[in-house]
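For reference, the structure is listed below as structure tokens.
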Amino acid sequence: MTAKIIDGNDIARRVRAEWKHRVDALRDQGVRPGLAVIIVGDNPASQVYVRHKTKACADIGIHSEKHEFPQGTPEQAVLDLIARLNENTAIHGILVQLPLPPQFDSRRVLEAIAVEKDVDGFNLYNVGALVAGDTVFPPCTPFGVQCMLEYSNIPISGQNVVVVGASNIVGKPMAMMLMKKDATVCITHIKTRDLAQFTILADILVVAAGKPMLITAPMVKTGAVVIDVGINRLPDGRLVGDVDFDAIREKASYISPVPGGVGPMTVTMLLVNTIQSAERFAANRDAAKRVMAG
């Protein structure tokens with residue numbers, strides 16, 4: 001058996017093409033979706049991510065703004081900017097690029113973003129709503145994984161899913177989202193004993209641990225679907241995921257590569273969330289006009 005590659009670049013192009021029609025429809029209504037990205041410091045990886053997001057916005061017709069601050073910027077300066085962006089009707093999504101410098105309370109900064117503009121899905125309201133079974137904005141990386149599965153026609157309902165990694169950004173929300181799709185989900189983490197006894201049971205294995213080559217072929221059930229969320233740079237400069245791709249490809253039914261798998265989907269779902277925010281804004285604006293018209 002040789003696994004079918006889940007091409008994140010291809011799925012991202014298809015999703016963006018579909019959503020571009022909705023951007024065009026909004027512009028016909030006089031609304032252009034707008035995204036503001038805030039970056040503090042000169043972290044090279046963060047700079048690359050922001051460039052990718054800015055280019056993706058331009059490609060699909062979303063207005064984007066990049067607000068850059070030097071490393072030593074006080075937290076209040078960023079909070080003041082967020083307050084202004086919350087009131088700016090031309091901005092429908094606000095994203096703070098993580099990590100922030102050590103002088104920042106990241107949670108406080110993220111909580112300052114208005115719920116209706118929290119397109120990264122990190123506000124506690126969105127997280128809590130996700131646990132309750134719904135959310136305004138799903139976190140972009142888990143949302144991207146779910147989209148990859150759906151576009152690949154991989155069934156989720158009734159499947160045994162094992163998530164490796166229990167982060168607030170990927171692992172926990174991923175589990176909640178797949179449970180809503182009627183999967184049976186197990187979350188493993190750094191304290192899990194004998195990880196292989198869990199991963200070998202997975203029909204769908206989602207790995208987001210940040211440790212290269214953590215998952216080897218003997219740990220994966222024959223025919224499993226393997227989604228590799230990890231991205232790690234080796235000393236020789238190569239980018240690899242958290243799974244032994246070459247070995248597992250000969251055992252799995254589907255597998256996502258690194259790079260070219262989940263990464264493009266994360267950026268794409270950020271665009272989707274921003275467009276949905278703009279659509280809500282347009283609907284609320286039109287409803288208010290109808291009320292005023294009597």
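The values are calculated or read from the model by the stated rules, or taken from the named source; none is laboratory data. Predicted model, so just to flag it, every value in this text is computed and none were measured. Backbone-built Cβ (ideal geometry, glycine too); neighbour counts: all protein chains shown.
For the stretch 83-106, a residue qualifies if it is within 20 Å of Gly34 (Cα to Cα), more than 22 Å from the chain's Cα centre (by Cα) and either touching a residue at least 40 places away in the same chain (Cβ under 8 Å) or assigned to a loop (DSSP other than H, G, I, E, B) (or both), and the qualifying residues are Asn88, Thr89, Ala90. Annotation note: of Gly41, Gly72, Gly8, the sole residue that is touching a Phe, Trp or Tyr at 6+ places or on another chain (Cβ under 9 Å) and either more than 30 Å from Ala283 (Cβ to Cβ) or free of Cβ contacts under 8 Å to residues at least 24 places away in the same chain (or both) is Gly41. Check whether at least one residue in the stretch 270-284 is under 16 Å from the mean Cα position of the chain (by Cα), closer than 23 Å to Lys172 by Cβ, at pLDDT 95 or above and surrounded by fewer than 22 Cβ atoms within 10 Å (Cβ to Cβ), and report yes or no. Looking through the stretch 270-284, at least one residue is under 16 Å from the mean Cα position of the chain (by Cα), closer than 23 Å to Lys172 by Cβ, at pLDDT 95 or above and surrounded by fewer than 22 Cβ atoms within 10 Å (Cβ to Cβ).
Any chance the stretch 6-13 includes a residue that's part of a strand (DSSP E or B), within 29 Å of Ser256 (Cα to Cα) and out of contact with any Leu (no Cβ under 7 Å at 6 or more places or on another chain)?
Initially, the stretch 6-13 is screened for residues part of a strand (DSSP E or B), giving none.
No, there is no match, as no residue in the stretch 6-13 is part of a strand (DSSP E or B), within 29 Å of Ser256 (Cα to Cα) and out of contact with any Leu (no Cβ under 7 Å at 6 or more places or on another chain).
Residue by residue through the stretch 37-51, note down the ones that are over 18 Å from Val267 (Cα atoms) and either touching a Leu at 6+ places or on another chain (Cβ under 9 Å) or part of a helix (DSSP H, G or I) (or both). Hits for the stretch 37-51 are Val40, Gly41.
The criterion of being under 25 Å from Asp24 (Cβ atoms) and either of a type in the set (S, T, N, Q) or surrounded by 13 or more Cβ atoms within 10 Å (Cβ to Cβ) (or both) holds for Val119. Among the residues of the stretch 216-263 satisfying the criterion of being within 18 Å of Asp203 (Cβ to Cβ), aliphatic (A, V, I, L, M) and under 19 Å from the mean Cα position of the chain (by Cα), which is surrounded by the most Cβ atoms within 10 Å (Cβ to Cβ)? Applying the filter and picking the extreme gives Val229. Among the conditions (1) in contact with a Lys or Arg (Cβ under 8 Å, 6 or more places away or on another chain); (2) farther than 23 Å from Gly260 by Cα; (3) hydroxyl-bearing (Ser, Thr, Tyr), Ser106 misses just one, which is (1).
In this structure, Val23 does not qualify as of a type outside the set (D, E, K, R), surrounded by 14 or more Cβ atoms within 10 Å (Cβ to Cβ), out of contact with any Gly (no Cβ under 7 Å at 6 or more places or on another chain) and within 20 Å of Asp118 (Cα to Cα). Scanning the stretch 57-65 for residues that are assigned to a loop (DSSP other than H, G, I, E, B), at pLDDT 95 or above and buried (at least 16 other Cβ atoms within 10 Å of the Cβ) turns up at least one hit. From the list Leu124, Leu100, Leu81, exactly one residue is surrounded by 20 or more Cβ atoms within 10 Å (Cβ to Cβ) and not assigned by TED's automatic domain parsing to the domain that holds Ile169. Which is it? When all the criteria are applied, what remains is Leu100. Residues in the stretch 129-171 that are part of a helix (DSSP H, G or I) and among the hydroxyl-bearing types (Ser, Thr, Tyr) were compared, and the one that is surrounded by the fewest Cβ atoms within 10 Å (Cβ to Cβ) is Tyr151.
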